[in-house]
């Protein structure tokens, strides 16, 4: 049995074949020499999934490759003679085996080629996905930068509008401010400066005159009695003149002190703010006390009215109780009692209507007062905002004046 099914060499490698073929090609040629189709295919599949190098080599196997491998083989002479001696059925079987071998090689090569194409497409897909991720990231960064620039532009536009509005408000306030008070203060300050300058000049002049007089006194010590008498007279005249000048200087000093007191009496912005804060506190205290007192008066009046109505109700019930027993004796008295009772009920009903109308009037007045209160609260809020803004502008004005100095 071993001899019967032993491998038989059907082909032989040509002597002209190159010995530089790789190991896979030599193995395939050897398998083709023995016509072992099953081992060739199994080895081909095993090698195609072993390493990347053999996979690339086996992927190139196709029909032309099979023909190329058969070109390295030649039919054995003895076997060829045996082949010629075979019957037509055996020859046909050999041809079918050969065709099956070629078709299986072609199918394996196509599968490997498709797998390689799929892998190449996957690699290309991954590369494109990475590029797409980079592009999306760059696009996101550009969008964020554009949004930041737009926000900065919007903020700058808003600041410009606010600055323009503040400038217009300052111009309007300057036009609406009381210029008379400002002019008066400026004139007083200028007068004060002028008086101080005059005082300095006058003192300097007095010093010069005193020095001249002392020099004259020193010069007149060596003069004659007549000259001394004339000098004494002149000195007395100068002393009187000096006294007059001193009186004038005292008047000027008193005027300066008066102006200084007037200037000091004018409160500055800090004092005005303190006065305003204190006045607001006092106003809030007085308002709270007024509301409390008004509440007490209202409660007292309400309790007084309640007491009055309860007293009237008690008197009415007592009167009804006293007259009820007397009216039960006769029909006329009973009818008169019912008539009086109906008139009394009608009077109570009319009083109720009057009180209801009065209550409605009070509600209308209350609603009107509430509307006025809301308007006044809104005006107070606007006033507080305007005062706060005015204080800020005054502070800014002071800072600018300090910088100009």
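Read-outs throughout are calculated quantities, based only on the coordinates presented, and are distinct from any laboratory measurement. These numbers come from a predicted model, not from an experiment. No Cβ is skipped: glycine too gets one built from the backbone with ideal geometry, and neighbour counts run over all protein chains shown.
According to a simple spin-label model (label point 7 Å from Cα along Cα-to-Cβ), what is the distance in nm between residue 241 and residue 158?
7.6
Given labels modelled 7 Å from the Cα in the Cβ direction, how far is it in nm from residue 389 to residue 282?
Here the answer is 3.0 nm between the modelled labels.
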